[in-house]
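**Q** Below: one structure in structure tokens.
The values are calculated or read from the model by the stated rules, or taken from the named source; none is laboratory data. Because the structure is predicted, anything quoted here is derived from the model rather than measured. Cβ atoms come from the backbone with ideal geometry, glycine included; neighbour counts cover every protein chain shown. Each accessible area value is taken on the protein alone, full model and side chains, heavy atoms only, with ligands, DNA and RNA left out. Shrake-Rupley method; radii C 1.70, N 1.55, O 1.52, S 1.80 Å.
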Amino acid sequence: MKIRKTSLLFFLGPALFVVALFYIIPLFLSVYISFTPMVDWNVNRYLTQFIGLQNYERLFHIVMYDPDMRAVVITTVVFVLVTLVINVFGGLLLALATYFMDEKMSAAYQGLWLLPRMTPIAVYSLLWYYFFHSSGIGILNSILLKLHLIDHPIALGLDPKYLPWGAWFIIIFVNGLVGVSYGMIIFYSAFKSIPKELIIAARVDGASTTRIIRHILLPLTKWHFTFVMVWQMFSLLMTYAQTFLLVEWRVVDSTWGQTWALYVFRTAFTTTKDQGLAAAASTFLSIIGIVLGIIALKALGYEKMILEPKGDI
Amino acid sequence: MVSIRLDKVTKRFGKVVAVNNVSLEIEDGKLYVLLGPSGGGKTTTLYLIAGIYKPTSGRIYFNEKDVTDLTPAERNVGLVFQNYALYPHMKVYDNIAFPLRLRKEPKSKIDSKVHEVAKFLRIENLLDRYPHQLSGGQQQRVALARALVKEPSVLLLDEPLSNLDALLRVYIRAELKRMQQDLGITSVYVTHDQSEALAIADKIVVINKGIIQQEGTPEQIYENPRNVFVATFIGNPPMNIVKGTVLEDGTIETTGSRLTPPPAVLEKIKRLKLKNILMAFRPENAVVSEHPMEGRFSPMGDLFEVEPLGRDAVVTVTVGEFVIKVVMPTREAMQLRIGSKVHVNIDPSTIKYFDPNTELNLEYIEA
Amino acid sequence: MMPETTDVETINRRRMNLALGIVVLIASIPILVTYFILMASSFANQMITGSMVGQLTFTLKNWILFFEGKLTVASAAVYSTWDILRYIFNTFIVAFGVMLVTTALATMAGYACSRMKFKGRKFLIQLLILLHAFPGVSLIIAVYALYIFSKGPIPSQWWTLYAFIYVIVARAALEIPMDIWIMKGFFDKVPWEVEWSALIDGASRIKVWKDIILPLVKPGIAAVAIFSFIAGWGALIYVLVFLPPTEKTLATYIAGLLAGGSLEVVHLPVVAAAGTLYLLPTLIFFSFVRRYMLQTSLSGIKG
Ligand SMILES: Nc1ncnc2c1ncn2[C@@H]1O[C@H](COP(=O)(O)OP(=O)(O)OP(=O)(O)O)[C@@H](O)[C@H]1O
Ligand SMILES: [Mg+2]
């Protein structure tokens, strides 16, 4: 029995330590910071001052009365919903297309679409920096100019003429192109795990490709659909790295291109360095994260899927 | 209704030739069984008929109409897979109704047809269940119902009983046979179980290495195998082979025992100028004893093993390079001593003769 | 045996393939174009777009300028060649560090989650899924506060080293929950009989793990290692937050070049050269693990 304890500690200890240090403690610490007036990382001075709900009151006030903060809220809602739809259905379409393709072609396309996910964020943002650049060298501008759709370069993400739609378009487009690959691989591997006999049997019964999709592939992958939906919603609420550089590099407007998560990060680290306020804003994300996460775990029936290790003696 | 013809059909998968230049005619309304060892090309042949695979070369005809390029749906075949391939997310009713819905038949008609076929296969009480709530035998019937409900011109079955236990297998195969006869539907049935084949087939097609070894009624296949492969594949245990030397006077000799073959055989031996010959006989047509018996062909060998199986025993004797299994009464078999020299006394009238070069039965060689 | 391509062969697949191929190709245009422009511009005298085709010439100048630490042809070097090499080295250090920490911890914990009975196992496994989805942004404030705390007692000449260690472990922590899941999936597939026979022979659990089980999950380890390397290699936010401004990686170097969106101070093809160089290892490593992607994603979500 003693031996078991030590070996369990050996295997699990280090990971638990890291999880505790970088998830559990910060979670509580972060909530605590939201009750302090911390600014400019002056830990020594502010961390012991407890100011109750003041940061939350401030946050509430800004949300109510500051038009820029309103923009953040609206942008977050629009961004999450639209990108979610694009990611889930785009991923589904890609998965279907690659499922019905030649193996080789499908592998090539999947590699291509996974590329944005693997690319370093700085490089990925750089691609779109070039693409949406507000001068004539921007790829989009040069295409539009050559097609004579515009007569001088436009700043889609910045020019008030196009706001908020221009900025939204850019952040949705850029994040969507990364996001679809998630649905693609999950759906694709779900389709692949359906016995081929079922597809063939349906063909023998006279089913067309669309019928096979509607009556076999989609009904059998409902679980995966929910899974992708939930997980994409999470990651869209929480994601900020891609958009961070686009804002820093002045590709998109810092107001209409900023989601709640990015607002938290920028408030804490780059703009006002108001960590108390940022922590209060981040608490909302944590609550959403925990609540949605638990609902998802229950809805997806994870607990039942975790089998006992039968052979452990 | 429909007869099927395969004309020089070949199917390759890369380097593997799964079906090799097969020509076969399947008569209307008959039940044909494709029988052969694993990897022989049975499933491939079946899928070629179904239209799942496209032949690398050769044509396939239904009623003399070329269907080679038609899809399975256009061929109107019913197919039962080895693992049944029931749609797991649909209830039994919807599984059976699926092919009809695809044809956009009216609801009332679908309903009556589903009930009709369900009644026929006695699964009416299961219509409300999901496939995973059914036993193997019930799933098999649902798969059959789904194949039959669209009134296919051809019914194709790929080892449909292999997932069932032995008792159920015997029971259902009888049912299948009765049903096939009632409906008079042209059927192709794949199995590697020869007793199943012998029990239900109108005609058996033995396939090995992608080549048809023999085609014929169960009796023909059993009584008169066309070549050594079929002889040693059919029967339980299958036929035994011994080799003999043809002497000047036309008699055949093995380990000192002599045999005069029937005149027809003798003549073919002479014409083919055979020096050696292979002889096959069924295990039940010989008796093993210490001394050679009168009127029998009695090669000598070493007694290797006696396996008593109740009333009868399987006696294994090695004669030169050949292993021979004889079925004889246990009581007699137990008298024999393992390792001693024994004689295998074969009834000469039951012996089949094969050309050792082509391994063909001499009876099938044109005179 | 079923056909390779899932579908029946008598259906005309050529047409379907062609149609799907073209549709997906059109959808892929943005990806193809942007990556192409990046890489091609790094070898051109100016950005490929926005110029007359005739004026475009092939040149290695951008790469030379990049390694010389210059940002435009005219200006003096802003960085030394030594700086640039150090940034590349730093990027490698972070990537390797994240890879080592992640792979080691995920391989150990994945084994425990797959094969050991202990109290709270189900809870832990579900917690890992939750953590994987947990908002990193709501943690980073506190993680940074902890960093400031913890570096206090450390002599200041060690701060840089400490920053590297901290960024590596903190960044690895983001990967670990998911990678434990992935490794668990691989361990789940190893038959128990293998483990039992070694245990019966008297080996300790750790020895069995090391000598018997690990060799059987090599593909999983390789996949996790490469995925975490790619993650560490691309890390931006954590590097930006924790490393001192003098210790850049390629990510923060590029991020800094374009900050504020200024066009004047930097010749864009030079940035393209930096970006292409930065992209290269990812492309190479990714080409190795692409085929694992499906496997790991599935073992990640299913039991
Ligand atoms: N899709 C395929 N790709 C490559 N080779 C195949 C394919 N299908 C069958 N083969 C090969 O073709 C040969 C015949 O296979 P087939 O499935 O027809 O055999 P079978 O007689 O049905 O065997 P079994 O009794 O084991 O089902 C085998 O050697 C097999 O390996
Ligand atoms: Mg088969």
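**Q** Looking at region B:234-256, is at least one residue among the aliphatic types (A, V, I, L, M), open to solvent by 20 Å² or more (accessible area, probe 1.4 Å) and either touching a Pro at 6+ places or on another chain (Cβ under 8 Å) or part of a helix (DSSP H, G or I) (or both)?
**A** No, region B:234-256 has no match at all.
**Q** Give the residues of region B:257-300 that are of a type outside the set (Val, Ile, Thr), farther than 28 Å from residue B:331 by Cα and part of a loop (DSSP other than H, G, I, E, B), sorted by residue number.
**A** Within region B:257-300, B:261, B:262, B:273, B:274, B:275 qualify.
**Q** When you go through A:260, A:249 one by one, which is the residue that is under 20 Å from the mean Cα position of the chain (by Cα) and crowded, with 18+ Cβ neighbours inside 10 Å? Break it down into steps so the answer makes sense when it comes.
**A** Working: A:249 fails: under 20 Å from the mean Cα position of the chain (by Cα).
Residue meeting the stated conditions: A:260.
**Q** Additional query: What's the number of the condition residue A:225 fails, among (1) more than 10 Å from chain C (Cβ to nearest Cβ); (2) over 30 Å from residue B:99 (Cα atoms); (3) touching a helix residue (DSSP H, G or I) at 6+ places or on another chain (Cβ under 9 Å)?
**A** (2)
**Q** Answer yes or no as to whether residue B:70 is surrounded by fewer than 22 Cβ atoms within 10 Å (Cβ to Cβ), away from ligand 2 (no atom under 16 Å from the Cβ), assigned to a loop (DSSP other than H, G, I, E, B) and at pLDDT below 95. Explain how you work it out, then say what you get.
**A** Working: surrounded by fewer than 22 Cβ atoms within 10 Å (Cβ to Cβ): yes; away from ligand 2 (no atom under 16 Å from the Cβ): yes; assigned to a loop (DSSP other than H, G, I, E, B): yes; at pLDDT below 95: yes.
Judged against the criteria, residue B:70 is a match.
**Q** Tell me, yes or no, whether region A:154-161 has at least one residue that is part of a helix (DSSP H, G or I), facing chain C (nearest Cβ under 8 Å) and either open to solvent by 30 Å² or more (accessible area, probe 1.4 Å) or not β-branched (Val, Ile, Thr) (or both).
**A** No, region A:154-161 contains no residue that is part of a helix (DSSP H, G or I), facing chain C (nearest Cβ under 8 Å) and either open to solvent by 30 Å² or more (accessible area, probe 1.4 Å) or not β-branched (Val, Ile, Thr) (or both).
**Q** Across region B:68-95, what is the number of residues that are farther than 28 Å from residue C:12 by Cβ and more than 10 Å from chain A (Cβ to nearest Cβ)?
**A** 3
**Q** Take residue A:254 and decide whether it is surrounded by fewer than 24 Cβ atoms within 10 Å (Cβ to Cβ) and either at pLDDT 90 or above or farther than 30 Å from residue C:7 by Cα (or both).
**A** So residue A:254 passes the test.
**Q** Anything in region B:145-170 that is more than 15 Å from residue B:199 (Cβ to Cβ), open to solvent by less than 30 Å² (accessible area, probe 1.4 Å) and either among the charged types (D, E, K, R) or under 19 Å from the mean Cα position of the chain (by Cα) (or both)? List them, or say none.
**A** Within region B:145-170, B:146, B:150, B:155, B:156, B:158 qualify.
**Q** Got a number for residues in region B:132-144 being within 16 Å of residue B:114 (Cα to Cα) and open to solvent by 10 Å² or more (accessible area, probe 1.4 Å)?
**A** Final tally of qualifying residues: 3.
**Q** If you don't mind, there's one more thing I want to ask. Go through C:137, C:167 for me and flag whichever is open to solvent by less than 10 Å² (accessible area, probe 1.4 Å) and within 7 Å of chain A (Cβ to nearest Cβ).
**A** C:137
**Q** Would region A:265-277 turn up any residue that is out of contact with any Phe, Trp or Tyr (no Cβ under 6 Å at 6 or more places or on another chain), more than 30 Å from residue C:255 (Cβ to Cβ) and open to solvent by 20 Å² or more (accessible area, probe 1.4 Å)? Break it down stepwise before answering.
**A** Pass one, region A:265-277, residues out of contact with any Phe, Trp or Tyr (no Cβ under 6 Å at 6 or more places or on another chain): A:266-277.
Next, from what is left, pick out any that are more than 30 Å from residue C:255 (Cβ to Cβ): none.
No, region A:265-277 contains no residue that is out of contact with any Phe, Trp or Tyr (no Cβ under 6 Å at 6 or more places or on another chain), more than 30 Å from residue C:255 (Cβ to Cβ) and open to solvent by 20 Å² or more (accessible area, probe 1.4 Å).
**Q** Would you mind finding the one in C:79, C:111, C:87 that is in contact with a Phe, Trp or Tyr (Cβ under 6 Å, 6 or more places away or on another chain) and more than 11 Å from chain A (Cβ to nearest Cβ)?
**A** Just one listed residue meets the conditions, C:87.
**Q** Quick test of your reading of the structure: residue C:249 fulfils all but one of (1) at pLDDT below 90; (2) more than 8 Å from chain A (Cβ to nearest Cβ). Name the failing condition by number.
**A** It fails just one condition, (1).
**Q** Which of the residues belonging to region B:22-45 are more than 21 Å from residue B:184 (Cβ to Cβ) and either over 19 Å from the mean Cα position of the chain (by Cα) or within 9 Å of ligand 1 (Cβ to nearest atom) (or both)?
**A** The answer is B:36, B:37, B:38, B:39, B:40, B:41, B:42, B:43, B:44, B:45.
**Q** For region A:255-290, which positions are without any contact (Cβ under 8 Å) to a residue 24 or more places away in the chain and more than 11 Å from chain C (Cβ to nearest Cβ)?
**A** Correct list: A:271 only.
**Q** Right, here's the next one. Pairs under 8 Å by beta carbon, first residue within 14 Å of chain A (Cβ to nearest Cβ) and farther than 14 Å from residue B:160 by Cβ in region B:31-50, partner near ligand 2 (Cβ under 10 Å from one of its atoms) and assigned to a loop (DSSP other than H, G, I, E, B), six or more apart or different chains?
**A** B:44/C:1
**Q** For the subset of region A:116-149 comprising residues that are more than 12 Å from residue C:254 (Cα to Cα) and among the hydroxyl-bearing types (Ser, Thr, Tyr), which member is surrounded by the fewest Cβ atoms within 10 Å (Cβ to Cβ)?
**A** Checked region A:116-149; the qualifying residue surrounded by the fewest Cβ atoms within 10 Å (Cβ to Cβ) is A:135.
**Q** Same structure, new question: Can you tell me which residue is nearest to ligand 1 (Cβ to nearest atom) among those in region B:1-21 that are open to solvent by 10 Å² or more (accessible area, probe 1.4 Å) and among the β-branched types (Val, Ile, Thr)?
**A** B:16
**Q** Name every residue in region C:122-134 that is more than 7 Å from every other protein chain (Cβ to nearest Cβ) and open to solvent by less than 10 Å² (accessible area, probe 1.4 Å), in order of residue number. It would help to see each step written out before you state the result.
**A** Step one: list which residues in region C:122-134 are more than 7 Å from every other protein chain (Cβ to nearest Cβ), which gives C:123-124, C:127-128, C:132.
Within region C:122-134, just C:128 meets the criteria.
**Q** Moving on to the next point. Look through A:200, A:212 and report the one residue that is touching a strand residue (DSSP E or B) at 6+ places or on another chain (Cβ under 9 Å), farther than 30 Å from residue A:244 by Cβ and open to solvent by less than 10 Å² (accessible area, probe 1.4 Å).
**A** A:200
**Q** Looking at B:50, B:85, which one is over 21 Å from the mean Cα position of the chain (by Cα) and within 16 Å of ligand 2 (Cβ to nearest atom)?
**A** On inspection, the qualifying residue turns out to be B:85.
**Q** Would it be correct to say that residue C:52 is within 16 Å of ligand 2 (Cβ to nearest atom) and modelled with pLDDT under 85? First the steps, then the outcome.
**A** Values: within 16 Å of ligand 2 (Cβ to nearest atom): no; modelled with pLDDT under 85: yes.
The answer is no for residue C:52.
**Q** Let me ask something additional. Identify, please: which residue in region B:183-202 is open to solvent by 10 Å² or more (accessible area, probe 1.4 Å) and more than 14 Å from ligand 2 (Cβ to nearest atom) and is, among those, nearest to the other protein chains (Cβ to nearest Cβ)?
**A** Among those that are open to solvent by 10 Å² or more (accessible area, probe 1.4 Å) and more than 14 Å from ligand 2 (Cβ to nearest atom), it is B:183.
**Q** Something else: Here is a list of conditions, (1) part of a strand (DSSP E or B); (2) crowded, with 19+ Cβ neighbours inside 10 Å, and residue B:173 meets all of them except one; can you say which number that is?
**A** So residue B:173 meets the others, but not (1).
A quick yes/no check of all residues on (1) away from every other protein chain (no Cβ under 14 Å); (2) open to solvent by less than 40 Å² (accessible area, probe 1.4 Å); (3) in contact (Cβ under 8 Å) with a residue 12 or more places away in the chain:
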| residue | (1), (2), (3) |
| --- | --- |
| A:12 | no, yes, no |
| A:31 | no, no, yes |
| A:37 | no, yes, yes |
| A:50 | yes, no, yes |
| A:65 | yes, no, no |
| A:68 | yes, no, yes |
